[in-house]
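Taking it in order: structure first as structure tokens, then the write-up.
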Amino acid sequence: MAFVELHKVVKRYQMGEVTITAVDEVEFAIEKGDFAVVVGASGAGKTTVLNLLGGMDKLDEGSIIVDGREISQYSKKMLTEYRRYDIGFVFQFYNLIQNLTAKENVELATQISQNPLAVETVLALVGLQDRMNNFPSQLSGGEQQRVAIARALAKNPKLLLCDEPTGALDYQTGKAILKLLQDTCRQRGMTVIIITHNSAIQGMADKIIKMQSGKVAEFIVNEHPLPVEGIEW
Amino acid sequence: MVMAKQSFYKELVRSIWQSRGRFFSVMAIIFLGVSFFAGINATEPDMVLSADKYFKEQHLSDLRIFSPLGFAQQDLTALEQLSKVATVQKGYSKDLFFTTAAGTTSVVKLMSYEPSNFTEQNGVNIPYLVAGRFPEKSGEILLVTGIGVPPELELDSTITVTVSDENGPLEYLTTAQFTVVGSIISPLYVTYERGQTNIGDGSVAYAAYALEKDFKLAAYNEAYLLVQDTDKEQAYSTAYEHLIAPPQAAVEALGRQAVLRDTKELREKLEEGKQTFLAEKQLAEEKLAAGQKKLDEAEEELINGEALLKEQEERYTKEIAAAKVELTVGKEALEQGKLKYFDGYTAWLEGYNQYQDGKAALLEAKAELDDAKVRLEAGERELAAARSELEDARQQLVYLQDTLVVLREIEASLPDSDSELTEEEYRDLITRLEQVSPELARLIESSFDYNDPNLINSLRSALQTAITELENQYETGQKQLLEGEQQLAAAEKTLQDNKKLYDEAWQAYQPGVRELEASKVEIDQAKAKLERARQEIERNSAKLWQGERELLAAEAELQTSLATGIQELEAGKIELAAGRETFAREKEEALLKIAEAEAEIKEAERQLLELPKEWFVYTRDGNPGYAGYGDDAARVGAVAKIFPLFFFLVAALVCLTTMTRMIEEERMQIGTLKALGYGTWLISSKYLVYAFLASLVGSVLGFTIGFQLFPRVIMTIYGAMYDIPYLLSPFHLNYALISLAIAISTTVVAALAASLATLQSTPAQLMQPKAPKPGKRIFLERLPFFWERLNFIQKVTVRNIFRYKKRFFMTVLGIAGCTALLLTGYGIRDSVNVITEKQFDQIFLYDGMVIIDVEADAEAELAQILGTKREVDTYTDALMEVVTVSQEQGTHNYEANLMIPADERRLTDYFDLHERQTAAPLPLTKEGAVVTEKLAQLLDVAVGDVLVYQDTDNRTYQITIAGIAENYLAHHIFMSREYFETVTLREPHYNAGIFTLHAADNFNDQQFRESLLNDDAVVGITLASIFQTNFRDTLASLDYVVLILILAAGALAFVVLYNLTNINITERLREIATIKVLGFRDREVSSYVYRENMILSFFGTLLGLVLGCILHKFVMETMEVDNIMFGKSIMPFSFLYAVLLTMFFSILVNFIMYFRLKQVDMVESLKSVE
């Protein structure tokens, strides 16, 4: 059994009179330790998949199994626990709490975890050991995203979900962040799923899910993923 | 551009529609603020307007004049001719007791109603008919409705007039029976109070009108005046008061003259009466003296008589005693004579006995002799008898012999047996037989019938038998005769012997008889002598007895005459005593009459003295409740001055925040529009129009509803106390404009300022997401001892609080405002309530006060009035006077009660004088006076300053303030007796008794009042309990107003908190979504937000309490009327309530927001920063 499995997942949104099927019978599976990329254009339903995977939304049909548990059956409360203990989330706009220092932002996550990693270790891991007492506004975008990744990692989650982690970053920084994510995956055996519209990234993934109009257009198992340095966009 | 503008306006409309929640929330806050501000502010003028309309409609008199003596015609004419006086309406009024059919007796002020006064809406104090009709004929009565009217007095019920004085009701009225025909309200009586009187318990229970012709008073005693042009001025206004002042002065002057004139006549009459009285008094005194003299004479006579009687008694007693001695001597001599007589008698008796013995012996002897003689004679007779017997026997024997012969012959003659005997022969035989033995003859005749054949034999046998028997008899007789002859011979011999013996005894008896006769003579002589002696004794004895009887009679006579004398004396004494008693009674009566007459004259003098030196001239303030209504309106007005304004400002503040937030939210759109080339003005005009529309609609709705709602509610509340039939709530342009201006300007200016500030930036900047406000360290982090104690979440919270400083201040201010409003509301209630509590429980410890009017010894009078009352616990006497106080050079003066206790050490039992803040007691010293706080405040004086007061006799004194005492009602000046004497150089004349009562459940204040009023000296009574109740009732309505304030403040608190929390959440939507994604549970999310809210609420509440105290102080100072000091402090419970209510609203808002937080979509976190 794969670590993450989606079976015929359907999600519809009611927009007034119109019903939009955002995700239509999506199916894929990701193994533990995989570096997966969900790629597609705007409106392809990738964010919906992310929401469903992240326990932020409930599906209408089908099932999602993470680490052998069918989270699609979870109640709202159980989903909160799922997010709390099993998921690490990296946002496009970092979503750091402006009023907390880098370290405190990480602490915010560790406060609620069961067996968190040491805050300073994680910050050192993302290369911010010297800036951990700075406020987000004092950090560059890449640094902020590192803090965000550190915050996600510090929770010691089963699954790291990243929503356009490089979307707000310049090329170099984006690459650095991707490297950090890949390294984390490879070195720590962390299962990482990245949602992006940037198809260039797919080269470095183990599993590539291409989405189009709410459906999985293509599911590619990349036997030879490239290192970050090998990709360009 | 036109098109663009069109789409711009479209956008505006849509934007309003899309954010309708915000639009309506701004509108609602403005509505709340404006309606409250405008409504409360309109209440005072509306109250005054309603009253004013009523007063004008009913032509409420401007001046009411009462003359106890009645008005002379010339006075009425003079009044009418006074300049500035428009109308004079005259009438009668009299305070009487009215008793209903059910037996309720009340003090009623009966006034006259003259229909002709009220034609075509003319007249003064026109009654406002509530039910029934106006009286048309005598005996019909109108009642002024009010709480004092007994419930059984319905239309058509009857009442009877009773009068307390000796004159019946018909002294004052033409009828004593009235029928209720209608009930009215009168502008003269706007409250339940009906004024004071001098009968019953001192207060009028209800008022009534009867036709003028039902009155029998000598002259009109009331006059109602309308002053010119007062119908053009509003009641309670200064302009009105200015109009009234000159005619009032003129009327008062007129009154003084009139009273002087009227009392002059009275005075003369009184003087005359006095002269008469003095003459009569002298006469009576002379009469009394004469009576006394007579009585004295009678007494002397009585004493003389008594002495005489005594003398006589002594003399006669002596005489009787002498006679008694004499009598005793006589009695003794008599006793001796008697003894002698008895000796003689004894001797005589002895002799006599001897004689009797002798005589008896003689008699015995004689009897023996006689006996013997009788026996002798009897013997002789016996002998003789025996001889004759013997002779008889001889003859018998002879006879027998003869018979025998015959019989033998017969027998012999009888034929033989067979011969027949003839009848003749038989007859012959019988006859022959009959000659010798008739018996035999009869026997034969009967036994043998002639025809018997055996006759001859039978005859023969019978004859033979008879012959045999006779022969036997003869022989026996022969023998017996012989024996008798022998016995006779012996007896003759014995008799001869005895005869001889008798003769001898007779011879011996004869000398004894002679001797006895001689002694008898002797004894008879002695007897005669004794008899004479006895007679002598008897004569003497009789004489003595007679003497004794005479003596006794004399003694009895003496006793009788003495008793009579004493009796007569006693009678005389009783008569004297009765005479004395009669005299004493008569004297007493006479003295009483004199005293009564004297008292009457004194009373008349007093009455004359008491007669006011002028008419009682009352302005409208003299009408019960008139001034109170004005004060109440002013109080509401005072509350309106600041309280709603503050309320309004808080509302405006919240709108400002909301508008600012809106502009910030639309930053991107502003940038886009600006980039599109829209002008600053046009862009900002959207927000201005938005703000303007919201506040305009809110304001218009606000004052439209506020002008109706609040004045009506508050007037309805006051309506429970005031009888004012109108409830006017007109539109007040001024308040409408003011509130509109404030509301629109705050929101529009806020919108303008925020949009202009935003528009300063370039479009590019604007279209960039606004850089999140950078986080930074806060100063608290530099306080390790504090910072390190906080856990991570707490640190986050603290830092967040300080991060959004603007929100911090807005929230804190908003909450503070609400708390302050709540606290002020409760505080007003406290300040008002504290008056009754503190004043009557802590400062005025006494239960009542009587004012007495006596010339002389007040102490004794009070002992008589209060000392005898069972209900009274303790009392003390004091001087109590109403004085006018001012500063040394001051223009303002105030009326105060001057109080000089007889014993200042006992004052603490009745008044607790202390400083308010330090609670230090203020004893009365000789150094200065203690004045009450409000007075000191009004006159702006402190301890050590000098005040001037003027007493009722217009004497002016200077006093130094030694202490300022806590006090809430009226003004008081307390001085020790010593200080008073120092200041005034005279002794206080005590005229009041202050007392405390025993705590009793069944205490009946009505009865107690009446029992006190029964005493003529009592001219006034104040009972703390009644005062307290009345005062509390007056302020109860204000309590409701406060309740409205509290409710409004509560509503505001809720709206403000809701709005601020809403903004808070909206601003932090992304942050909240992020932590939700991070896996924060719902409760953790809400506590993440609420912790800040609660802390802000805490600071807001804290600040609110401070602000509330300031606001409360300000409101109370504004609200205060001259003679009341409201409580300065707010009760701890009010703080608690204010805090709890704020917390309640805060929690309520948080509770509602909890659901909003739950609904925050985590997808928000994925969106780009706006």
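The values are calculated or read from the model by the stated rules, or taken from the named source; none is laboratory data. Nothing here was measured: the structure is a model prediction, and the numbers come from that model. Backbone-built Cβ (ideal geometry, glycine too); neighbour counts: all protein chains shown.
Remark: pairs (first residue in region B:604-617, within 19 Å of residue B:197 (Cβ to Cβ); second residue modelled with pLDDT of 70 or more and in a loop (DSSP other than H, G, I, E, B); Cβ separation under 6 Å; 6+ apart in sequence or on different chains) = B:615/B:67. Of the residues examined, residue A:33 is not one that is in contact with a strand residue (DSSP E or B) (Cβ under 8 Å, 6 or more places away or on another chain), part of a loop (DSSP other than H, G, I, E, B) and within 14 Å of chain B (Cβ to nearest Cβ).
Among the residues making up region A:98-135, those that are polar (S, T, N, Q) and facing chain B (nearest Cβ under 10 Å) are A:98, A:99, A:101, A:105, A:110, A:111, A:113, A:133, A:134.
Of all residues in region A:72-83, those satisfying the criterion of being surrounded by fewer than 23 Cβ atoms within 10 Å (Cβ to Cβ) and within 23 Å of residue A:164 (Cβ to Cβ) are A:79, A:82.
If you go through region B:1117-1160 and pick out every residue that is outside any helix (DSSP H, G or I) and β-branched (Val, Ile, Thr), you end up with 4. Return the pairs, sorted by first residue and then second, in which the second residue is part of a loop (DSSP other than H, G, I, E, B), the first residue lies in region B:437-462 and is at positive phi, the beta carbons are less than 7 Å apart, and the residues are 6+ apart or on different chains. Hits for this filter: zero, empty list. Scanning region A:167-187 for any residue that is more than 14 Å from chain B (Cβ to nearest Cβ), of a type in the set (Lys, Arg), surrounded by fewer than 17 Cβ atoms within 10 Å (Cβ to Cβ) and part of a helix (DSSP H, G or I) turns up at least one such residue.
Considering region A:47-77, and only residues there that are in a helix (DSSP H, G or I) and within 11 Å of another protein chain (Cβ to nearest Cβ), the residue that is farthest from residue A:20 (Cα to Cα) turns out to be A:77.
Within region B:489-508, being touching a helix residue (DSSP H, G or I) at 6+ places or on another chain (Cβ under 9 Å) and over 10 Å from residue B:369 (Cβ atoms) holds for B:491, B:492, B:494, B:495, B:498, B:499, B:501. So, of the residues in region B:959-1004 that are of a type in the set (D, E, K, R) and not in a helix (DSSP H, G or I), which turns out to be nearest to residue B:830 (Cα to Cα)? Across region B:959-1004, the extreme among qualifying residues is B:966. Is it fair to say residue A:42 is modelled with pLDDT of 90 or more and either surrounded by fewer than 15 Cβ atoms within 10 Å (Cβ to Cβ) or not in a strand (DSSP E or B) (or both)? No, not satisfied.
Here residue B:777 clears all of (1) assigned to a helix (DSSP H, G or I); (2) within 13 Å of another protein chain (Cβ to nearest Cβ) except the condition numbered (1). Filtering region B:780-805 to residues that are exposed (fewer than 10 other Cβ atoms within 10 Å of the Cβ) and among the aromatic types (Phe, Trp, Tyr) leaves only B:785.
Please verify whether residue A:23 is buried (at least 17 other Cβ atoms within 10 Å of the Cβ), at negative phi and either away from every other protein chain (no Cβ under 14 Å) or touching a residue at least 24 places away in the same chain (Cβ under 8 Å) (or both), treating the condition exactly as stated. Yes, satisfied. Confirm whether residue B:248 is farther than 30 Å from residue B:582 by Cβ and at pLDDT 85 or above. Taking the combined requirement at face value, the residue satisfies it.
The set of residues in region A:213-232 that are exposed (fewer than 13 other Cβ atoms within 10 Å of the Cβ) and in a helix (DSSP H, G or I) comprises A:229, A:230. Test each condition in (1) farther than 25 Å from residue A:200 by Cβ; (2) more than 14 Å from chain B (Cβ to nearest Cβ); (3) touching a strand residue (DSSP E or B) at 6+ places or on another chain (Cβ under 9 Å); (4) touching a residue at least 40 places away in the same chain (Cβ under 8 Å) for residue A:39 and report the one that comes out false. The failed condition is (1). Only a single criterion out of (1) at positive phi; (2) modelled with pLDDT of 80 or more is not satisfied by residue B:591, namely (1). Residues that are hydroxyl-bearing (Ser, Thr, Tyr), in contact (Cβ under 8 Å) with a residue 12 or more places away in the chain, more than 14 Å from chain A (Cβ to nearest Cβ) and closer than 30 Å to residue B:893 by Cα do not occur anywhere in region B:1075-1098. The condition of being part of a loop (DSSP other than H, G, I, E, B) and touching a residue at least 12 places away in the same chain (Cβ under 8 Å) holds for only one of B:941, B:930, B:885, B:948, that being B:941. Residues that are of a type in the set (Gly, Ala, Ser) and within 22 Å of residue B:971 (Cβ to Cβ) do occur in region B:891-903. For region B:565-575, check the following and say yes or no: at least one residue is of a type in the set (Asp, Glu) and without any contact (Cβ under 8 Å) to a residue 60 or more places away in the chain. Yes, because at least one residue in region B:565-575 is of a type in the set (Asp, Glu) and without any contact (Cβ under 8 Å) to a residue 60 or more places away in the chain.
Residue check: is residue A:90 of a type outside the set (Asp, Glu), touching a helix residue (DSSP H, G or I) at 6+ places or on another chain (Cβ under 6 Å) and within 14 Å of another protein chain (Cβ to nearest Cβ)? In short, yes.
Being at pLDDT below 90, crowded, with 22+ Cβ neighbours inside 10 Å and part of a loop (DSSP other than H, G, I, E, B) is a property that residue B:71 has. The combined condition, being touching a Gly at 6+ places or on another chain (Cβ under 6 Å), away from chain B (no Cβ under 14 Å) and of a type outside the set (Val, Ile, Thr), is not fulfilled by residue A:204. Scanning region B:146-166 for residues that are surrounded by fewer than 17 Cβ atoms within 10 Å (Cβ to Cβ), assigned to a loop (DSSP other than H, G, I, E, B) and in contact (Cβ under 8 Å) with a residue 24 or more places away in the chain returns B:147, B:152, B:154, B:155, B:156, B:157, B:164. Could you go through region B:167-175 and let me know if any residue there is part of a loop (DSSP other than H, G, I, E, B), closer than 19 Å to residue B:96 by Cα and among the β-branched types (Val, Ile, Thr). Yes, there is a match, as at least one residue in region B:167-175 is part of a loop (DSSP other than H, G, I, E, B), closer than 19 Å to residue B:96 by Cα and among the β-branched types (Val, Ile, Thr).
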